[in-house]
Amino acid sequence: MNEPIDIKQIFSLLPHRYPMILVDRVLDFKAFEYLTAIKNVTINENFFAGHFPDNPIMPGVLMLEALAQAGGLFAGLSQTPEENEGILHFFAGIDNAKFKHVVVPGDQLRLEIKLLTRKSVFWRVHAEAYVGDKLACSADLLSAAKEFQK
């Protein structure tokens, strides 16, 4: 990949919008191998109002959602625009989720996706989220490609 993929291109591949879009930019990508993206975590995130007001921490389930969105981008970018026409990669399963480090306002979450297997419409990836060199969260994620109308 020569240049980062910005939010406009991300919007063309994912149906998510504020407040649920959790990928800001794709930094690196190789079709059917890997993807690296980022989520800039700011105090303006709506979930910090309740999780927790005096000690804001990004919920683990939202770290997993960010990884799932990065996985959907990985699958979408790996295929041709023709193969993606009318298709969305739905989150279908999760295994081995682990949380190792808290994510707080001001952190940049680096999302790393690596393909494990691809069979028919199913994609299984290993996903890791880092803050600097600290592993915050990891999981094996499954997505399924399905027809989708906007």
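The values are calculated or read from the model by the stated rules, or taken from the named source; none is laboratory data. It should be emphasised that the depicted structure is a prediction, and the values quoted were computed from it without experimental measurement. Reconstructed Cβ throughout: ideal geometry from the backbone, glycine too, with neighbour counts over all protein chains shown.
Structure summary
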item: Unmet criterion (only one of (1) surrounded by fewer than 11 Cβ atoms within 10 Å (Cβ to Cβ); (2) in contact with a Cys (Cβ under 8 Å, 6 or more places away or on another chain)) for Gly60; result: (1)
item: Complete set of residues in the range 105-122 that are out of contact with any helix residue (DSSP H, G or I) (no Cβ under 9 Å at 6 or more places or on another chain) and either free of Cβ contacts under 8 Å to residues at least 40 places away in the same chain or of a type in the set (A, V, I, L, M) (or both); result: Leu116, Thr117, Lys119, Ser120, Val121, Phe122
item: Within the range 1-28, considering residues that are surrounded by fewer than 18 Cβ atoms within 10 Å (Cβ to Cβ) and aliphatic (A, V, I, L, M), the one modelled with the lowest pLDDT; result: Met1
item: Positions within the range 91-102 being assigned to a strand (DSSP E or B), surrounded by 14 or more Cβ atoms within 10 Å (Cβ to Cβ) and either free of Cβ contacts under 8 Å to residues at least 40 places away in the same chain or not β-branched (Val, Ile, Thr) (or both), in sequence order; result: Phe91, Ala92, Ala97, Phe99
item: Residue selected from the range 97-141 under the condition of a type in the set (Ser, Thr, Tyr) and within 19 Å of Ala75 (Cβ to Cβ), by the criterion nearest to the chain's Cα centre (by Cα); result: Ser138
item: Among the candidates Ser143, Ser138, residue that is surrounded by 15 or more Cβ atoms within 10 Å (Cβ to Cβ), assigned to a strand (DSSP E or B) and touching a His at 6+ places or on another chain (Cβ under 6 Å); result: Ser143
item: Candidate set from the range 31-57 (those that are assigned to a helix (DSSP H, G or I) and not aliphatic (A, V, I, L, M)); member that is surrounded by the most Cβ atoms within 10 Å (Cβ to Cβ); result: Phe48
